[in-house]
1. Anything in the range 271-321 that is open to solvent by 40 Å² or more (accessible area, probe 1.4 Å), within 16 Å of ligand 1 (Cβ to nearest atom) and assigned to a helix (DSSP H, G or I)? List them, or say none.
2. Scan the range 213-240 residue by residue and report those that are open to solvent by 10 Å² or more (accessible area, probe 1.4 Å) and within 30 Å of Arg170 (Cα to Cα).
3. Can you name the condition, by its number, that Pro101 falls short on among (1) within 17 Å of the chain's Cα centre (by Cα); (2) open to solvent by less than 40 Å² (accessible area, probe 1.4 Å)?
4. Would a scan of the range 128-143 turn up a residue that is in a loop (DSSP other than H, G, I, E, B), touching a strand residue (DSSP E or B) at 6+ places or on another chain (Cβ under 9 Å) and open to solvent by 40 Å² or more (accessible area, probe 1.4 Å)?
5. For the range 241-270, which residues satisfy the criterion of being closer than 30 Å to Glu210 by Cβ and either among the β-branched types (Val, Ile, Thr) or open to solvent by less than 50 Å² (accessible area, probe 1.4 Å) (or both)?
6. I'd like the full set of residues that are over 30 Å from Lys308 (Cα atoms), within 14 Å of ligand 2 (Cβ to nearest atom) and in contact with a His (Cβ under 9 Å, 6 or more places away or on another chain), limited to the range 162-194.
7. Applying the selection to the range 152-169, what residues are away from ligand 1 (no atom under 11 Å from the Cβ) and either of a type in the set (S, T, N, Q) or farther than 22 Å from Pro99 by Cβ (or both)?
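The values are calculated or read from the model by the stated rules, or taken from the named source; none is laboratory data. Just so it is clear, the structure is predicted and the values come from calculations on it, not from any experiment. Every residue, glycine among them, receives a Cβ derived from its backbone with ideal geometry; neighbour counts consider all protein chains shown. Ligands, DNA and RNA are stripped out before the accessible areas are found, and what is left, the full protein with its side chains, is counted by its heavy atoms. Shrake-Rupley method; radii C 1.70, N 1.55, O 1.52, S 1.80 Å.
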Amino acid sequence: MSGQGTWLVTGAAGFIGSNFVHLALGERWCGRVVAFDALTYAGNLGNLERWTADRERFDFVRGDVADPDAVGRVFAEYEPSAVVHFAAESHVDRSIEDPAPFLHTNVTGTQVVLGAAREAPGAPRMLHVSTDEVYGSLPLDSTERFHEQRPYDPRSPYAASKAGADFLVRAAHHTHGQDVVITNCSNNYGPYQFPEKLIPLAIMNLLRGEQVPVYGDGLNVRDWIHVEDHCRAVRACLERGRSGETYCIGADNEQPNIEVVRALLPLLGRGELAIRFVRDRPGHDRRYAIDASKIRRETGWAPRIAWKEGLADTVRWYRENPEWLASVRSGEFLSYYERLYGGQ
Ligand code: NAD
Ligand code: DAU
């Protein structure tokens, strides 16, 4: 599969999707990428700017994964040899405010992509990118970690919508023998992350001389992985994962939120006064932690980027790309699509 063929990447203009495309084309994991994305508030075609002129190896199609006609047309036109399904509504706080777009994209959209892949010539493998949040929440005072056999226990509308999608993918394998693989990864950080998530939000606020809002007591734990390590894990599962299997992805890097923010302060020349404790997120999951022994054992994947270096590089990226931050804040990047693909 590697080195040739066309990979259909949904949600490719978002944070993880765009990092995946940079690696897939930059390191020639495949012959061509077709990026399919609705360009919601979180999708930025500017993230893929370096590839838009390379018409041989890259194409972009704007569309909604929940629209069977649009998805069907992409499969018919490009005949992908593999599908990597990132497209989703991804922010927990937004799902608490309004779950409807989460059901539309994460549940209906996944079913549409799944059905189209099954019907397509050669029925290409679909790698469904999911989250560790489907497993629920772990107590702070335990060493327990999420693993593939753990029962699902989603606790936010976002997590519930991702769990629903995962079950549809599992059901397609069980019922139709469809070639699918599911990955459940922990919290990602790195370049191109929309500044609604903790790390880019904190960096942006610290750069602007503002405070960082820390929810509740700041002791909630997340298991952080650099986005490039996640993307390499997705590739490993696409190429070497067993059909119908689930792989948990993580980098053994549990951090309380307050320590994440404290690690950022010196990198941005700020002190403790830049921290502001605010009202907690409703239903805030206490702790996530991943046991990634299955993917390590079965695919040989291992994370490469250490937390300290990864965080410093991420801060450097945001410092060096103030225009990116300014454009995503203003929504200006939406005009990029019109400029390049307006006639499509
Ligand atoms: P993101 O919000 O940055 O990007 C999502 C992308 O999907 C955007 O480009 C958006 O325009 C696109 N999209 C949204 N609705 C669409 C629709 N109806 N049709 C087509 N495109 C649509 O998200 P992300 O952080 O890059 O996450 C990507 C995937 O990885 C998601 O499935 C998410 O659940 C999963 N995940 C994320 C993390 C994390 O820490 N960010 C961790 C584990 C798993
Ligand atoms: O675990 C994987 C998941 O990680 C992904 O599936 C989601 O798409 C992704 O958004 C992320 O979910 P979280 O809710 O863990 O990420 P977020 O960046 O929103 O928050 C991280 C932690 O920081 C969480 O405990 C809430 C807290 N937080 C968040 C924000 C935005 C704050 O304390 N202050 C903030 O301003």
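1. Residues satisfying the conditions are Trp307, Trp317.
2. Passing the criteria: Val221, Arg222, Trp224, His226, Glu228, Arg232, Arg235, Glu239, Arg240.
3. If we test Pro101 against (1) within 17 Å of the chain's Cα centre (by Cα); (2) open to solvent by less than 40 Å² (accessible area, probe 1.4 Å), just (2) comes out false.
4. yes
5. Passing the criteria: Ala251, Asn253, Gln255, Pro256, Asn257, Ile258, Val260, Val261, Ala263, Leu264, Leu265, Leu268.
6. Of everything in the range 162-194, those that are over 30 Å from Lys308 (Cα atoms), within 14 Å of ligand 2 (Cβ to nearest atom) and in contact with a His (Cβ under 9 Å, 6 or more places away or on another chain) turn out to be Ala165, Asp166.
7. Passing the criteria: only Ser156.
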